[in-house]
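Structure first, then comments.
The values are calculated or read from the model by the stated rules, or taken from the named source; none is laboratory data. Computed from a predicted model, the values in this text were never measured in an experiment. In this analysis, Cβ positions are derived from the backbone assuming ideal geometry, glycine residues included, and neighbour counts consider all displayed protein chains. The area values use the complete protein model at the heavy-atom level, side chains included, leaving out ligands, DNA and RNA. Shrake-Rupley method; radii C 1.70, N 1.55, O 1.52, S 1.80 Å.
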Amino acid sequence: MDAKNIFLILATICYCISVLCERHSIKIVEEPSTYGIMNSYQGGAVADTNAKKLKMRVKPSNFSGPALFSRLNGKCFTKTDESYKYEFCPFSNITQHEQSLRWNPYSGILGVWQEWEIENNTFIAMVMRQGDTCGNKHRTMKVFFQCGKDNKVLNVSEPSTCNYHMNFSTPYVCHPQAMLVYPTLREELQTEWGHLEGELAAGEITHKGYKKYLSRIFVKAGYMMSEDAKKSLLEQAAAEEKKEVEKKDGRFDNLFQCTEEYRKLKLEIDQLRQLVDNKHDDDIVEHGVDLDYA
């Protein structure tokens, strides 16, 4: 087989692979240092899972909440049942990996860390939104905490389609006041909350107004996201997704992007040529031809 035929075969294989990848696209990951940790926590140390990494649609919010929870930040915890492996990275994301032998098992993001759900002066759950698409919406996850000896994922459920709940065990919530919000606030926010309580008691504001202003305090503390922040985050995600589509269509925002893509394509072509040359040399040797005189 001559070099030309080998090149045509390789080109055909590459084309078929590219078509299959386009039909069944699997998102490739951002680096953990950029968008969160994609490792698992085992025996007190952070260990690489070597799992296929996924790209988050939005950037996780900053760490917030009870001080002891900072010990969970940067670690990940896994739970495997008969069908799925779940990986929970507090203050980053939650992923789901189908435990299946079929050729294209599902791996995806169920949610990215956004804010706390707060009720009655208590951190109720971590809210993780903007997971992978699910019909005309995105997957979401709420993580609830309960007292336990070890840090571990207890179970995962799906109360409604693409809306998930996770129960997580940790010793950091065993103290009766561990999940109270007020003690974690800065002094000026505690004072503001106190004034708000006084206005409610005096009948100067309604319960609806009280909840509205209280939410603003939680936003200032970084525990919740404002509506404007949520809107801005979605707009940024939509803009990034638009860029990805345009990139696939061969359109670029600037010369640098075009140059980078050209460099990558040139490298791939050079590698293909090297494979063809190596195959050609092997064929010559296999047929007993001295390369010095070929």
Nearest 0.05, what FRET efficiency do residue 103 and residue 226 give at R0 = 51 Å with Cβ-Cβ as r? 0.70
Residue-normalised value, i.e. accessible area per residue, for region 95-216 at 1.4 Å probe, in Å², stands at 55
Considering only protein heavy atoms, what is the solvent-accessible area of residue 84 at a probe of 1.4 Å, reported in Å² to the nearest 10? 70
Ordered by packing density, taken as the mean number of other Cβ atoms within 10 Å over each peptide's residues, highest first, how do 99-106, 130-137, 237-244 rank? 130-137, 237-244, 99-106
Where Lys and Arg each count +1 and Asp and Glu each count -1, what net charge lies around residue 185 among other residues with Cβ under 11 Å from its Cβ? -1
Please compute the net charge surrounding residue 170, taking Lys and Arg as +1 and Asp and Glu as -1 over other residues with Cβ under 13 Å from its Cβ. +3
For residue 259 and residue 234 in the same chain, what is the full-extension length gain: residue separation times 0.36 nm, less their Cα-Cα distance, in nm? 6.1 nm
Tell me the carbon and sulfur percent of the accessible area for region 134-244, rounded to whole percent, probe radius 1.4 Å. 51
Provide the FRET efficiency to the nearest 0.05 for the residue 67-residue 137 pair, computing r from the beta carbons and using R0 = 25 Å. 0.15
For region 123-165, the dipole about the Cα centre with charges only on Cβ (Lys and Arg +1, Asp and Glu -1), to the nearest 20 debye, works out at 80
Region 117-207 - Debye-derived log10 I(q)/I(0), Cα point model, q = 0.11, 0.17, 0.23 Å⁻¹: -0.49, -0.87, -1.09
